[in-house]
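Structure, as structure tokens:
The values are calculated or read from the model by the stated rules, or taken from the named source; none is laboratory data. Predicted model only: the values in this text are computed from it and were never measured. Cβ placement follows ideal geometry from the backbone for every residue including glycine, while neighbour counts extend to all protein chains displayed.
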Amino acid sequence: MRLLVLAFTALLLSPALAAPTCQNKDGDAIRCGTPGAMPVGWALPPAQFLERQTLKQKDSDQNGFLKAVCLIGLLLAIIALMPEFDGTRAKDWGSQEGDEE
């Protein structure tokens, strides 16, 4: 049993054997050898990388805000469409034992 645990731990801690990843002209990760992939080891210059990341972040912040507003509006609309129920009338509840008497 100890040998099995030791082998499993060694398997998890060993470095993964994977193919290298390349980048496209925008600095996004892409599979090497596909159209638009830059050579292995090429990296987007740091100034351009930061510029593109800030542009992506601004867009995602605006999209996230709009999604949140739409989600809250949808939730309020669903609540507004629910039927009235205060539980004070007998017909608000299902039939219970002894109701036919």
Tell me whether segment 62-82 contains one or more residues that are loosely packed, with under 11 Cβ neighbours inside 10 Å, aliphatic (A, V, I, L, M) and part of a loop (DSSP other than H, G, I, E, B). yes
SER95 passes all but one of the listed conditions (1) surrounded by 10 or more Cβ atoms within 10 Å (Cβ to Cβ); (2) at pLDDT below 75; the exception is number (1)
Residues (more than 15 Å from ALA19 (Cβ to Cβ) and among the small types (Gly, Ala, Ser)) located in segment 30-64: GLY36, ALA43, ALA47, SER60, GLY64
